[in-house]
């Protein structure tokens, strides 16, 4: 089984991001992102088979020692190969440090095959639309819609979650960041 550690937003920011995904569905372009039934998030790490209890314990100890973080989602990006459309955070040193420390803290889990989520090669992103399974024109129409409706957002990262990468995604454990 495969797992991910995700960084979640405050409710208001989460709702704004979810609204963009819902707009893509409302326009009858693509519903795939919504079908995964996952919250808007930034994936921090992906692992192959983990001991869920041990992983949750380590995640709890990590979260207790890290505070909520300010986030500005300042742009829209796309992965052309997977036809993924996303909101991108404006990166800063505390986010890079948080990511690096998480990987150091969780270094006993197998992340082979998930190198793109490791420090120094990570592309932090919050998926809004997944259109790879749709006709190519859907990618362009969805991109156009999101580009027209996206507005810069300010919020906070408030919690971490361990999820099982299944369809739909299964949330195993969620913990609020300390203070």
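The table below lists the values:
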{"quantity": "Scan of the range 134-177 for residues that are farther than 30 Å from residue 56 by Cβ, surrounded by 18 or more Cβ atoms within 10 Å (Cβ to Cβ) and touching a strand residue (DSSP E or B) at 6+ places or on another chain (Cβ under 8 Å), ordered by number", "calculated": "139, 142, 143, 146, 150"}
{"quantity": "Cβ pairs under 8 Å, 6+ apart, first in the range 45-63 and on the phi > 0 side of the Ramachandran plot, second modelled with pLDDT of 95 or more and outside any helix (DSSP H, G or I)", "calculated": "none"}
{"quantity": "Unmet criterion (only one of (1) at pLDDT 95 or above; (2) over 26 Å from residue 100 (Cα atoms); (3) touching a helix residue (DSSP H, G or I) at 6+ places or on another chain (Cβ under 8 Å)) for residue 176", "calculated": "(2)"}
{"quantity": "Filter result for residue 10 (out of contact with any strand residue (DSSP E or B) (no Cβ under 8 Å at 6 or more places or on another chain) and either surrounded by fewer than 20 Cβ atoms within 10 Å (Cβ to Cβ) or closer than 16 Å to residue 154 by Cα (or both))", "calculated": "no"}
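The values are calculated or read from the model by the stated rules, or taken from the named source; none is laboratory data. Since the structure is predicted, the reported quantities are computational estimates derived from the model, not experimental observations. So basically every Cβ, Gly included, is an ideal-geometry build from the backbone, and we count neighbours across all protein chains shown.
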